[in-house]
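Novice: Here it is: the structure, laid out below.
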Amino acid sequence: MSEEIIVPKGLANVVVDTTSIATTGASGNLLYRGYRAVELAEKKSFEEVAYLIINGRLPTQNELTPFKNELNSNMVIDESVLKIMNMVKEKNLMRSIRSMISLYPYKMNDDQSTFTQMEAKMPLLTSYSASSINGTPIKTPKGVDFSQKFYSLITDRENKNWKSFEKLMILYLEHEFNASTFALRVAASTLTDPVSAVTAALATLKGPLHGGANSEVLTYLSGIENEKDAMKFVEGKLEKKEKIMGFGHRVYKKRDPRALFVREELRKIAPTDQKFVAAEMVENYMFEKKGLPANVDLYAAVLMDYLGINEMFYLPVFACSRIFGWNAHYFEQLSNNKIIRPASQYIGEEEREL
């Protein structure tokens, strides 16, 4: 038997495999296939960056058009799934999305086609699940681009700032071996199908320590009107040794480039928004007191709130972006596969007698 290696709990700083999809570079920038994610968000469309993540290169126009067309043609939901959705009446949006993705009657042509179908249907499953939960009419997607259609499904606003939503979706596309991506790769390593692997990722993403911080961010920002309020809130949390959502990241110890980008996006479109002003005050005081940087959740929550997106959609927005990253990781895992099966250190009783 090979010698066992004891690693930190949670696999902190443990390199478990190689990847060419994304990394946090030496400069602290998040890189997608070598390109800075924030630069891609500023200059490229969601479909262009999604294609890059999946295929390893930016598309030519002759490659981009069929990619967009395939997503658009698959952005429909089978009537049988709508019936099941209304019969089950699931009250948790992420549970509904996870369940509907799992049971959907895909046309199983090949694994990549299955992924494309899932990617295209996720925005509709998000919106239709919400309609089922709230008892509201289902919406028809409007617009041409993927992110524009998705935005139209989750807000009632005709907002000229939907491009800001697209930029946020690009920043959500990929982020190394985070918990949901690693769960997907563990599943993929068993040679299970894409639907099962994505179901595992969605189940992992639902956990509040991975996703779900955005709603708590809005709750506390709503009560902060000035610097005194910000200081009192931070001091109270620190005194009780409670976590402040929207701060800290295992990878980013100085600054989260995604948070900086979204903060500046808000400065362009909503400089006087109360929650944005409050977020900056809390961020400044947190960095002064603890040297702890804001992560992307802090400003993403403010941006989506400003864009008229209900809190129930915040985690699904993340999922509808990240599924394109899961696509890339699924096939990367299979390209040089070995089943992921770590050992454990037993600390229980030894050889007990009945």
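Novice: Working carefully through the options Ser147, Ser113, find the one that is part of a helix (DSSP H, G or I) and within 18 Å of the chain's Cα centre (by Cα).
Specialist: Ser147
Novice: Looking at the range 280-299, I want the residues that are of a type in the set (Gly, Ala, Ser) and have a partner that is assigned to a helix (DSSP H, G or I) with Cβ atoms under 7 Å, at least 6 apart or on another chain. Which pairs are those?
Specialist: The qualifying pairs are Ala294/Ala259; Ala294/Glu283.
Novice: Given Ser180, Ser196, Ser222, which one is out of contact with any strand residue (DSSP E or B) (no Cβ under 6 Å at 6 or more places or on another chain), buried (at least 22 other Cβ atoms within 10 Å of the Cβ), among the hydroxyl-bearing types (Ser, Thr, Tyr) and on the phi < 0 side of the Ramachandran plot?
Specialist: Residue meeting the stated conditions: Ser180.
Novice: Another question, if that's okay. Looking only at residues that are surrounded by 10 or more Cβ atoms within 10 Å (Cβ to Cβ) and either over 30 Å from Asp193 (Cβ atoms) or of a type outside the set (A, V, I, L, M, F, W, C) (or both) in the range 325-354, which one is nearest to the chain's Cα centre (by Cα)?
Specialist: Per the criteria, the residue is Gly325.
Novice: Taking the options Leu266, Leu260, name whichever one is buried (at least 18 other Cβ atoms within 10 Å of the Cβ) and either closer than 17 Å to Gly28 by Cα or of a type in the set (A, V, I, L, M) (or both).
Specialist: Leu266
Novice: I would also like to ask the following. Suppose we keep only residues that are in a loop (DSSP other than H, G, I, E, B) and of a type in the set (Asp, Glu) within the range 4-56. Which one would you say is modelled with the lowest pLDDT?
Specialist: In this case the residue turns out to be Glu4.
Novice: Consider Phe287 carefully, then state whether it is over 22 Å from Ala22 (Cβ atoms), assigned to a helix (DSSP H, G or I) and not β-branched (Val, Ile, Thr).
Specialist: Taking the combined requirement at face value, the residue satisfies it.
Novice: Exactly one condition in (1) acidic (Asp, Glu); (2) farther than 19 Å from Ser180 by Cβ; (3) within 22 Å of the chain's Cα centre (by Cα) is false for Asp17; which is it?
Specialist: Of the numbered conditions (1) acidic (Asp, Glu); (2) farther than 19 Å from Ser180 by Cβ; (3) within 22 Å of the chain's Cα centre (by Cα), the odd one out for Asp17 is (2).
Novice: With the structure loaded, tell me whether Lys68 is part of a helix (DSSP H, G or I), farther than 16 Å from Ser131 by Cα and among the basic types (Lys, Arg) or whether it fails that test.
Specialist: Taking the combined requirement at face value, the residue satisfies it.
Novice: Looking at (1) small (Gly, Ala, Ser); (2) under 25 Å from Lys167 (Cβ atoms); (3) surrounded by fewer than 19 Cβ atoms within 10 Å (Cβ to Cβ), which is the one condition that is false for Ala50?
Specialist: (3)
Novice: Between residues in the range 8-26 that are in contact (Cβ under 8 Å) with a residue 12 or more places away in the chain and residues that are in a loop (DSSP other than H, G, I, E, B) and among the aromatic types (Phe, Trp, Tyr), which pairs lie under 8 Å by C-beta distance while being six or more apart or on different chains?
Specialist: Val16/Phe177; Asp17/Phe177; Thr19/Phe177; Thr24/Tyr252
Novice: Further question: On the given criteria, is Lys142 under 28 Å from Lys89 (Cβ atoms), free of Cβ contacts under 8 Å to residues at least 12 places away in the same chain and either among the basic types (Lys, Arg) or not assigned by TED's automatic domain parsing to the domain that holds Thr272 (or both)?
Specialist: Yes: the conditions hold for Lys142.
Novice: Hey, another quick one. Quick one: in the range 116-144, which of the residues that are in a helix (DSSP H, G or I) and charged (D, E, K, R) is farthest from Ser196 (Cα to Cα)?
Specialist: Lys121
Novice: Any idea which of Lys89, Lys44 is charged (D, E, K, R), assigned by TED's automatic domain parsing to the domain that holds Gly135 and surrounded by fewer than 17 Cβ atoms within 10 Å (Cβ to Cβ)?
Specialist: Lys89
Novice: Kindly establish whether Leu221 is in contact (Cβ under 8 Å) with a residue 40 or more places away in the chain, outside the structural domain of Ser321 (by TED's automatic domain parsing), in contact with a Lys or Arg (Cβ under 7 Å, 6 or more places away or on another chain) and hydrophobic (A, V, I, L, M, F, W, C).
Specialist: Spelling it out, Leu221 is indeed in contact (Cβ under 8 Å) with a residue 40 or more places away in the chain, outside the structural domain of Ser321 (by TED's automatic domain parsing), in contact with a Lys or Arg (Cβ under 7 Å, 6 or more places away or on another chain) and hydrophobic (A, V, I, L, M, F, W, C).
Novice: Could I ask something else about it? Looking at (1) crowded, with 19+ Cβ neighbours inside 10 Å; (2) small (Gly, Ala, Ser); (3) touching a Gly at 6+ places or on another chain (Cβ under 8 Å), find the lone condition where Gly246 falls short.
Specialist: (3)
The values are calculated or read from the model by the stated rules, or taken from the named source; none is laboratory data. Treat the numbers as computed from the prediction; the structure is a model and nothing was measured. All Cβ positions, even for glycine, are placed from backbone atoms using ideal geometry, and neighbour counts span all protein chains on display.
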